[in-house]
Structure formats: C-alpha cells, structure tokens
1. With ASN71, ASN29 as the choices, which residue is surrounded by 15 or more Cβ atoms within 10 Å (Cβ to Cβ) and either farther than 25 Å from ASP126 by Cβ or without any contact (Cβ under 8 Å) to a residue 40 or more places away in the chain (or both)?
2. Residues that are in contact with a helix residue (DSSP H, G or I) (Cβ under 9 Å, 6 or more places away or on another chain): which strands (runs of 3 or more DSSP E) entirely in region 96-162 hold 3 or more of them?
3. Among the residues in region 66-74, are any more than 17 Å from ASP151 (Cβ to Cβ) and either at pLDDT below 95 or not hydrophobic (A, V, I, L, M, F, W, C) (or both)?
4. Only residues that are under 12 Å from the mean Cα position of the chain (by Cα) and either of a type in the set (Gly, Ala, Ser) or crowded, with 17+ Cβ neighbours inside 10 Å (or both): list them for region 117-140, please.
5. What strands (runs of 3 or more DSSP E) completely inside region 3-94 contain at least 1 residues that are of a type in the set (D, E, K, R)?
Amino acid sequence: MASGDTLITITPLSNEPPSSNYATLDTRNQHPCLDFALNEIGVVSGIMPRHYGGNGITIYLHFAMSSAEINDIKLETYLERIGDQQLDIDTDSFAAAQNTGDITVPGTSGLVDIIVTTHANGAEMDSIAVGEGFRLKTKRIVVVGTDATGDLELFFIEVKET
C-alpha cells in the first residue's frame, strides 16, 4: 500500500454511541449525518486492513454546520487498539487525542468542508497492527472565544495511509 491510499471509509450509520455525551444520528436533505454539539462524541469500530504499510494514518472528516457561518470549530480523534488479546474491552483505553486545530467554518450553512487529523504510527495510534480490531472516537471540543454556534454535522470519515 502506498502513502495516500484509502484504508477505510466510514459513514454516520456506523456510529456506536457511548452511554453519555453522544453525537446524535440525523439527516440533512436525506443525507445521514452525526450532529455534534460541544463535547459530544461519535465512535466507530473497524479492522486495520492487511495492506496497511505502517506509516501512520490521516483521518479526513467531512462536515458541514447546521447553522453557523462564522467562527471556528475543533475536533479531536482518538484511536483504541483492541487487537489479539491486547485489551480488556470492559474498560476504554484510547490513545491521546490528536486535534484539527481551530478551523474556520464554511461561510454557508450546509456547505461541506474537509478537515484532517494525523496519527503517527505507534503511540498516537495505540500501536494498532494490521488485521487488528480498533475503535476511532471523534469529539467536538470548545474553541475558546470563537466557537461556532449550532451543531457540526459529520457526513463521512476517510482514513488514509500517511
């Protein structure tokens, strides 16, 4: 597998909401999306493809805003290795968050933008190896002083090899 090749694509219908502070499933013009208010979380599970080459991953988050046309948003992504006898799934064990930085929302509500986070191979990815199960958590966090109003609507996630 080469750098930049797509490993996984994810839609909102794959969400496995946590017990609290979860993003809610919604639609916009019949497009499924996850609505994220501040500090809300979405979680999906997957298996690291066998063709992953070990170069780290870049996560592309396709989003729009329900109403905001000004100010900023910020998302964090976390990875959790489930693997082969690596994790007792009775307890969460996500690696440290990687964030998008402050991103100015599109100037039109409903206009889709794409932002990224990167996770270096190793600790930032919770050392996920090829063929192992994992979870990806996405969280909307506060941008102090310039946080955009309204829900962030997440439409797609693409995971590429870095």
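1. ASN71
2. So the answer is 152-161.
3. Within region 66-74 (the criterion being more than 17 Å from ASP151 (Cβ to Cβ) and either at pLDDT below 95 or not hydrophobic (A, V, I, L, M, F, W, C) (or both)), the answer is no, since none of the residues qualifies.
4. Once the filter is applied, which keeps residues that are under 12 Å from the mean Cα position of the chain (by Cα) and either of a type in the set (Gly, Ala, Ser) or crowded, with 17+ Cβ neighbours inside 10 Å (or both), region 117-140 yields THR117, HIS119, ARG135, LEU136, LYS137, THR138, LYS139, ARG140.
5. 24-28, 31-36, 72-81
Here is a yes/no grid of residues against (1) touching a Pro at 6+ places or on another chain (Cβ under 6 Å); (2) touching a residue at least 60 places away in the same chain (Cβ under 8 Å):
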residue	(1), (2)
PRO12	yes, yes
SER19	no, no
CYS33	yes, yes
MET48	no, yes
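Every residue, every condition in (1) without any contact (Cβ under 8 Å) to a residue 40 or more places away in the chain; (2) crowded, with 19+ Cβ neighbours inside 10 Å, yes or no:
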| residue | (1), (2) |
| --- | --- |
| MET65 | no, yes |
| GLU76 | no, no |
| THR91 | yes, no |
| ALA96 | yes, no |
| GLY101 | yes, no |
| ILE115 | no, no |
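The values are calculated or read from the model by the stated rules, or taken from the named source; none is laboratory data. What you see is a predicted model, and the numbers here were worked out from it, not measured in a lab. Using ideal geometry, Cβ is built from the backbone for each residue, glycine included, and neighbour counts are taken over all protein chains shown.
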